[in-house]
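Asker: Starting off with a structure, shown below.
The values are calculated or read from the model by the stated rules, or taken from the named source; none is laboratory data. No experiment lies behind these values; they were computed from the predicted model shown. Counting neighbours? That spans all protein chains shown, and the Cβs are built from the backbone with ideal geometry, glycine included. With ligands, DNA and RNA removed, areas are computed over all heavy atoms of the protein, side chains included. Shrake-Rupley method; radii C 1.70, N 1.55, O 1.52, S 1.80 Å.
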Amino acid sequence: MNIIWSNSGKEIMEDRLDLISGLPFEILRRILSLLPLEEAVRTSTLSTVWKNFWTPFQVDMDFDTNPITNHEDCKKVIQVIGTIVRSYYDCPEVWKLCLNFPESKKDLIVLATKGAENEVHFEFSKRERTSGKFKLKLEQTCQGFSNNPTKKASFSILKTLHLRSVSHLAKDLVSALFSNCRLLESLKIEKCVGLESLDIEAGNCLQSLVVLDCPDIVDLTVSAPILKSFSYQGVLPQIHLVNTLNLVNVVLYLKDGLGNNEFDCEEILLLLTSLKEIEILTISGWLLEWLCSAGVIFRCLRFQFNKLKELRWIDSLINRAKRDSLACFLNIAPILERLFIKIERANSSVPCPYFHQYWHEPHLWMDFATVESNTSQLDHLKVVTFLGFSIKEDQLLLMELLLKKASMLNSMSVTLPTNRIWRVVKVSLHDQQKQASSNHKNQIAVLSPTKDFFFGFTEEIYRGHCSTNA
């Protein structure tokens, strides 16, 4: 390994032996077996020796029908996958299944990456570019497993399953695969183009579900009795959470807006009702804005988030409507302890439409004093963090509101787009006049929009790190 650095204007090169890559093959395998799968895969970039560990074992299989709908064909593929899961080495490895359909001249390639911690990733690809629309039903019941002729392909050790780019050609294969994973604890599904409907019925083991970036999805239904974490990212579909009373952490990161779907106020409120017992919520700000614009008054709803301790609000900007809708939502989070407000300017803004009919009389878009008076006291709020902060009136007004309503606040901080972190405190007009003469380099005072006090910004300095890169 060649290392080059500069010392007093001179370039120095030192050859250092790559001692790790020179270790025996079995020891390197053992090292990989101790790493999480995502980190283990990164070792392929270190050297040719490490890259060779990720050379796929290729298996070619020929079929008469396409897509795989024949029961016997599914059985054959599942048996091969079962062999991968039970392979001798407790070490990450890659298998490439080439499913060939000579008559239709369409091939389906399944790249299976097995991790050491009972984890398998499947990535599906095909030669044809067009993707047909399809529905995917994943059912995991004891009866289905016991009656399944592919039960010899034991998947009892599989705990984590990651499905990527599932297409209409593979939907039956994936359904058969999932039905065998009766002890599965974590499931991730992402980038499935053409997937319109996803219906998951899990048994008593699934605890984590992640669905990411499926651009055509319209309907998502989940039944999982011990599910604790549910994360969704993409366009807003109709989401139905059934028999999910143990949920603790939910992410609704709707960065792609509605897509081709319609906005249904009642459906969204039913979804929020099903989440009322969770403790951690991440939500896109535009969704709260749209609900308020349609006339929803959060403090008048029949439910509250009585267990919610942490709220993460994400949007591309903070304006008056987003600021006030967040303030209204806080009325139904009475024991909130931590609030994170993240501004991601790289994302596209989701413009709010004009709603012709209101459930109630319009209550938002009043003057800030009225919004402030209608906001409940946040007696449990201890930590507020702004990420991607900029000194603009709407953000400062939101900070002012939180400082006034959170009587037990321990910490408020802002992180600028440059990653500089500043601690924020409320400074009276009288105290600011005294501090102005000291002229501290890492302190800034900003007059509040209401001109009642100053925001005192103090840059955080961490030992061993430059403050600008904190």
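Asker: Where Rh denotes the Kirkwood radius from the mean inverse Cα pair distance, what is Rg over Rh for the range 286-329?
Answerer: Numbers: Rg = 10.9 Å, Rh = 11.3 Å.
Using only Cα positions, Rg/Rh for the range 286-329 is 0.96.
Asker: Another question, then. Please report Rg (one decimal) and Dmax (integer) in Å for the Cα set of the range 193-336.
Answerer: Gyration radius and largest Cα-Cα distance of the range 193-336: 14.7, 45 Å.
Asker: Taking 0.36 nm per residue of separation and subtracting the Cα-Cα distance, what length does fully extending N261 through V193 add?
Answerer: Full extension from N261 to V193 adds 22.9 nm.
Asker: So for the pair E26, E279, with labels modelled 7 Å out along Cα→Cβ, what separation do we get in nm?
Answerer: In this crude spin-label approximation the distance works out to 4.5 nm.
Asker: Using a ≥ b ≥ c from the Cα gyration tensor of the range 254-369 (square roots of the eigenvalues), is it rounded, prolate or oblate, where a/c under 1.5 gives rounded and otherwise the larger of a/b and b/c decides, a/b for prolate? Don't jump to the answer; show the numbers that get you there.
Answerer: Numbers: a/c = 1.29, a/b = 1.10, b/c = 1.17.
Rounded is the answer for the range 254-369, as its axis ratio a/c remains below 1.5.
Asker: Leaving out ligands and nucleic acids, note down the accessible area per residue over the range 174-295 with a 1.4 angstrom probe, in whole Å².
Answerer: Details: 4010 Å² over 122 residues.
Result: 33 Å² of accessible area for each residue.
Asker: Distance from the Cα centre of the range 242-260 to that of the range 284-344, in angstrom?
Answerer: One Cα centre to the other: 15 Å.
Asker: Further question: Tell me, what % of the accessible area of the range 219-276 is carbon and sulfur with a 1.4 angstrom probe?
Answerer: Here it works out to 48 percent.
Asker: Also, quick follow-up: Using the heavy atoms of the protein chains alone and a 1.4 angstrom probe, what is the accessible area of the range 376-425 per residue in square angstrom?
Answerer: 43
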